[in-house]
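Notes follow once the structure below has been shown.
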Amino acid sequence: MPGMTYASVNGLQLYYETRGSGRPLVLLHGGLMTIDLNFGPLLEPLAATRQVIAVELQGHGHTADTDRAMTIEGLAGDVVALLGHLRIAEADLFGPGRESVPLGDDRMPTPADFQAMRDAYNAVAPDPAHFDEFAARTSTMVHQFPGWTDELRSLQVPTMLIFGDRDFSPLSDVVEVFDLLPNAQLAVLPGTTHVGVTQRHREVLALITPFLDAR
């Protein structure tokens, strides 16, 4: 069974789960997702050889929203603060990429995807009635974030980019990011949307396990 607990960081009661032992691997879910909805079948296989730390960010899942502005920088700061709380100096990270806009219908989450997000939220959130407000805040945050460009050239750590060919980001943008990273690998999953990437858990495990084991 996972360790399920909260950490007091930056004015939040941040929910996280831990599994396994070994080199730490932090799992960062996508917008409107929960740990189980985003990573479900990946959790135990990843924890077989490493310490998996899965976080539910501000307003997501078990972590209650607050009046604090929701920003990418703020969410990142919460994760850094959690690692400090756990006295982890170095970890690998596994999480989603940025949405590009506007999106065609073939790239958007389906009504079934949105319903799954709402159902997962309702099952564990402290205030299920907050979903629509929280979803609007998350959407605003994503669309206001400018993304990264040339600063990626300074990122020397090994990086693996995994995208679907129907992902939020057009493949031309993905290749541009790949070219900016000095120590990167790129994988593209066929017939796959952004939400569908981690649902292809066998393919994802086959890609990331040797990558992580080489660290």
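The values are calculated or read from the model by the stated rules, or taken from the named source; none is laboratory data. Computed from a predicted model, the values in this text were never measured in an experiment. We place every Cβ from the backbone using ideal geometry, glycine too, and count neighbours over all the protein chains shown.
Structure values in brief
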read-out: Those residues of the range 137-159 which are surrounded by 14 or more Cβ atoms within 10 Å (Cβ to Cβ), within 25 Å of THR209 (Cα to Cα) and of a type in the set (A, V, I, L, M, F, W, C), in sequence order; value: LEU152, LEU155
read-out: Qualifying residue in the range 48-59 (condition: exposed (fewer than 14 other Cβ atoms within 10 Å of the Cβ) and not β-branched (Val, Ile, Thr)); value: yes
read-out: Among the candidates TYR6, TYR16, residue that is more than 25 Å from HIS143 (Cα to Cα), in contact (Cβ under 8 Å) with a residue 60 or more places away in the chain and assigned to a strand (DSSP E or B); value: TYR16
read-out: Test: GLU73 is more than 26 Å from GLY20 (Cα to Cα) and not in a loop (DSSP other than H, G, I, E, B); value: yes
read-out: Qualifying position, being under 21 Å from ILE162 (Cα atoms) and of a type in the set (Ser, Thr, Tyr), among THR34, THR5; value: THR34
read-out: Index of the failed condition, SER21 passing every other in (1) in a loop (DSSP other than H, G, I, E, B); (2) crowded, with 20+ Cβ neighbours inside 10 Å; value: (2)
read-out: Residue among PRO96, PRO109 that is under 22 Å from GLN144 (Cβ atoms), in contact (Cβ under 8 Å) with a residue 40 or more places away in the chain, assigned to a loop (DSSP other than H, G, I, E, B) and within 13 Å of the chain's Cα centre (by Cα); value: PRO96
read-out: Residue within the range 185-194 that is under 23 Å from GLY74 (Cβ atoms), out of contact with any Phe, Trp or Tyr (no Cβ under 7 Å at 6 or more places or on another chain) and surrounded by 15 or more Cβ atoms within 10 Å (Cβ to Cβ) present; value: no
read-out: 2 or more residues hydrophobic (A, V, I, L, M, F, W, C) and in contact with a strand residue (DSSP E or B) (Cβ under 6 Å, 6 or more places away or on another chain): qualifying helices (runs of 4 or more DSSP H) within the range 115-215; value: 171-180, 201-213
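So that you can scan it fast, the table gives a plain yes or no per residue for (1) out of contact with any Gly (no Cβ under 7 Å at 6 or more places or on another chain); (2) modelled with pLDDT of 95 or more; (3) surrounded by fewer than 17 Cβ atoms within 10 Å (Cβ to Cβ); (4) aliphatic (A, V, I, L, M):
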| position | (1), (2), (3), (4) |
| --- | --- |
| PRO45 | yes, yes, yes, no |
| ASP78 | yes, yes, no, no |
| GLU90 | yes, yes, yes, no |
| VAL101 | yes, no, yes, yes |
| THR110 | yes, no, yes, no |
| ARG118 | yes, yes, yes, no |
| PRO128 | yes, yes, yes, no |
| ASP132 | yes, yes, yes, no |
